Every structure is written in C-alpha cells, then in structure tokens.
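> If you scroll down you'll find the structure; I have some questions about it.
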Amino acid sequence: MKQFQISTWIYSLLLALLLAAQRADAADTVRIAVPPSPMSLPFYVAIERKFFEKYQIKPVLVECSSGQECVKALGKGQADLASSSELPVMFAAFDNHPISVLATLVTNKDDLKFLVSRHSIEQGQLNLHGKRIAYVPKSASHYYMDTFLMFKGVDTRDVVKVPMDAAVLTKALLQGDVDAIAIWEPLAEQALQLGGGEIVQVGAPRLYTQTHNVSVRNQFKTKNSAQVRGALKALDEAIDYIRDYPSRAQALLLRKNLASQEHIRKNWNHYTFRMTLQQSLVTSLQGQARWAKREGHVGNSLVKEPEYLNYIDASFLREHKSDHVDFVYR
C-alpha cells in the first residue's frame, strides 16, 4: 500500500510538471518595447513577478532609448506593445501609424527638467540668448523645452535648438557641447550628480503633466485580443503590486539602474500609478498637436490634425475596469 501511495504521488507530480510545461509552451510571445524610465516600472514588475506568464504571455523585452523610439518600433511592426508618454503617440498619428493607446499606467507632474551649465546663470539670472539647447526631437523633451522657453518669455529664435538622442544629452552638457538640456528623469538626476555644481536645474512651476501609456499595434490587437486582455491584466496587477509593496518596487528600480536612491527619495511621491483612460489624455494630445503644427514639426500649418479618438481604444480597459474609463471612446 505504501509503495502504491508513493507511486501515485510521483505520478501526480510528473503530471503536474507536464501540464505546467504544456502551459508554458502554449504561452504566446509578445514583444514589448520599453524605455529605461521609472515610468516604465509596471512593465518591469510584471516581467519580474511573472504576471505576464499568469495570462499565458511570454514577454520579450524590446529595449529602446526613449518612448519615441519605442513607438517607432511599434509602428514598424518590430514590437507588439509599447511604453511611452503621450507625445510620441501624437506624432505617430500625424504619420498615420496603425497604433492605439490601450491605457494610461502612470502620471507625473514633475518628470521633465530643464538643466543648464552654470555659466548660463549670470548674476543670479538665467541667460539663454544665443545658447545651445539640446532635446530629444518629437518627444516629451521637445515639448517641454518649448513650453519652458515660452514660460520664461524666451523667443525660440534667440536660442539654438540641438536635436539629440536621449542617451547622449547628459554627455553633451557635461562636455560643453551644449549649454542646456530638456530631459526627463532619471537622466536629469544623473546629470546633476555627474555635473556636481557645474550643472544647475532651473526652477519652474509644473508646466506639464506627463502620462505614460501602453500602446498596441492595431494588427496585433485584432489577431491577438486574448493576449491584449492578458497583458492589461498583468500590468494592472503590477500596478497593484507597486502600490502595495512600494519598497520592493523601488528596489527593482535600483536593480535595473532605472533610478538612484536619491531620485527615489526626492521623486517617488510624484508618480501616480493607476490604470485609467481619461478625457485629459485626448485634451493633451490635441493641445500638443496644435503646438506641433504651430512650430512646424509636422509640416505646414495646413496639415490636418488627426482625430485622436481613432488612436485610443478603450474597449479592452472598459471590459476589464469600466469605472476607470471616464468618457466615451469607440
């Protein structure tokens, strides 16, 4: 009898392992483009905690230097899902890229910073006349730079705008290739630490509330709706985990080199992690589109503004959490 019980136990164990292996084999690969930012934390949590696997998804991380590059990868079919702020989506709509925002995962009113070399501060006053300002084109950095200059009353014709990749902004400022940069966290904090007293953050009110969203390639959502639903559920669980275990989530940021302990100490409370779709997202996209047309970033002023409701698909979030959608989408 004892031998029979042992045999039964071994058989049950082997069957359980076989079924687990079959479930793993049945999981579908989903390519997810994610920029190295604390705003991407829900994706990293979902991967580390295996929330994606829970919904039969094998996540393959497609690393990109910025949200703009992630959305480009999505538009080119090199990724299935992408993490980015809303601004790259605004530009992608002008280019008719077949993508849709599924949900906003996090907002931050203080993620963008304007940093200058100390020599740009003269007798306690900021002087940007003729100065070289680096930014990441068609990104939140780009929009924030123009918004900051407008707030400071600086004519954009009086400065030299220098487009750069996000990865080299800090180096350019440290080496004196440019006099100022508009950049997001944690790159801003890293630049301040590396520059010591030679790099200064210029104070400004919170000019821009940035959203960080998950977008999908339209062809993928049409053919793989179950995976899209599973991905949203996995990310929602990751957001719950961040709220329930903030110290563990912060430790993950440190392990992934996405933030320093100093940045976490200063900025953690600026991040609001919650899966939503709000009317303010469309309002932001529309306002940014008017800016892009006015400044000539999308051709001439006669270019037609996209209908941004066509680039937001609330059906999946409405199915998952209807009370987190505060207006009517298609």
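> Of the residues that sit in segment 157-179 and are open to solvent by 60 Å² or more (accessible area, probe 1.4 Å) and under 19 Å from the mean Cα position of the chain (by Cα), which one is nearest to Glu63 (Cα to Cα)?
Ala167
> Scanning segment 275-325 for residues that are modelled with pLDDT under 90 and of a type in the set (Val, Ile, Thr), which turns out most open to solvent (accessible area, probe 1.4 Å)?
Val303
> Can Lys152 be described as closer than 14 Å to Ala180 by Cβ and surrounded by fewer than 15 Cβ atoms within 10 Å (Cβ to Cβ)?
On the way: closer than 14 Å to Ala180 by Cβ: yes; surrounded by fewer than 15 Cβ atoms within 10 Å (Cβ to Cβ): yes.
In short, yes.
> Please specify each residue of segment 180-226 satisfying the condition of being of a type outside the set (D, E, K, R), part of a helix (DSSP H, G or I) and open to solvent by less than 30 Å² (accessible area, probe 1.4 Å). Break it down stepwise before answering.
Of segment 180-226, the ones of a type outside the set (D, E, K, R) are 180-184, 186-188, 190-197, 199-205, 207-216, 218-220, 222, 224-226.
Next, only the ones that are part of a helix (DSSP H, G or I) stay: 187-188, 190-197, 218-220, 222, 225-226.
Passing the criteria: Ala188, Ala191, Gly195, Phe220.
> Separate question: Open to solvent by 40 Å² or more (accessible area, probe 1.4 Å), farther than 19 Å from Pro36 by Cβ and without any contact (Cβ under 8 Å) to a residue 40 or more places away in the chain, is that true of Arg229?
It is false that Arg229 is open to solvent by 40 Å² or more (accessible area, probe 1.4 Å), farther than 19 Å from Pro36 by Cβ and without any contact (Cβ under 8 Å) to a residue 40 or more places away in the chain.
> Does segment 132-147 include one or more residues that are open to solvent by 50 Å² or more (accessible area, probe 1.4 Å) and modelled with pLDDT of 90 or more? Show your work before the answer.
Of segment 132-147, the ones open to solvent by 50 Å² or more (accessible area, probe 1.4 Å) are 132, 138.
Next cut, modelled with pLDDT of 90 or more only: 132.
Yes - at least one qualifying residue is present in segment 132-147.
> I need every pair where a residue in segment 281-295 that is over 12 Å from Glu305 (Cβ atoms) has its Cβ under 9 Å from the Cβ of a residue that is in a helix (DSSP H, G or I) and acidic (Asp, Glu), sequence separation at least 6 or different chains.
Leu281/Glu86; Ser284/Glu86; Glu295/Asp146
> Continuing with the same structure: Condition test on Leu258, is it within 13 Å of Leu41 (Cβ to Cβ) and without any contact (Cβ under 8 Å) to a residue 60 or more places away in the chain? Break it down stepwise before answering.
Values: within 13 Å of Leu41 (Cβ to Cβ): yes; without any contact (Cβ under 8 Å) to a residue 60 or more places away in the chain: no.
Answer is no for this residue.
> I need the helices (runs of 4 or more DSSP H) fully contained in segment 51-156, keeping only those with at least 2 residues that are in contact with a Phe, Trp or Tyr (Cβ under 9 Å, 6 or more places away or on another chain) and closer than 14 Å to Ser215 by Cα.
In segment 51-156, the matching helices (runs of 4 or more DSSP H) lie at 67-75, 86-94.
> List the residue pairs whose Cβ atoms are under 6 Å apart, where the first residue sits in segment 46-57 and is over 20 Å from Leu252 (Cα atoms) and aromatic (Phe, Trp, Tyr), the second is open to solvent by 60 Å² or more (accessible area, probe 1.4 Å) and in a helix (DSSP H, G or I), and the two are 6 or more positions apart or on different chains.
Qualifying pairs under 6 Å: Tyr55/Lys233.
> Still on this structure, I have one more. Among what's in segment 169-179 and is out of contact with any Asp or Glu (no Cβ under 9 Å at 6 or more places or on another chain) and outside any loop (DSSP other than H, G, I, E, B), pick the residue that is nearest to Pro88 (Cα to Cα).
Per the criteria, the residue is Leu169.
> Check whether at least one residue in segment 77-92 is surrounded by fewer than 18 Cβ atoms within 10 Å (Cβ to Cβ) and not basic (Lys, Arg), and report yes or no.
Yes, some residue in segment 77-92 is surrounded by fewer than 18 Cβ atoms within 10 Å (Cβ to Cβ) and not basic (Lys, Arg).
> Restricting to segment 242-267, count the residues that are in a helix (DSSP H, G or I) and either touching a strand residue (DSSP E or B) at 6+ places or on another chain (Cβ under 7 Å) or open to solvent by 30 Å² or more (accessible area, probe 1.4 Å) (or both).
Residues flagged as in a helix (DSSP H, G or I) and either touching a strand residue (DSSP E or B) at 6+ places or on another chain (Cβ under 7 Å) or open to solvent by 30 Å² or more (accessible area, probe 1.4 Å) (or both) within segment 242-267 amount to 14.
The values are calculated or read from the model by the stated rules, or taken from the named source; none is laboratory data. This is a predicted model, so every value here is computed, not measured. FYI the Cβ positions are ideal-geometry reconstructions off the backbone, even for glycines, and counts take in every protein chain you see. Surface accessibility is based on the protein's heavy atoms, side chains included, excluding ligands, DNA and RNA. Shrake-Rupley method; radii C 1.70, N 1.55, O 1.52, S 1.80 Å.
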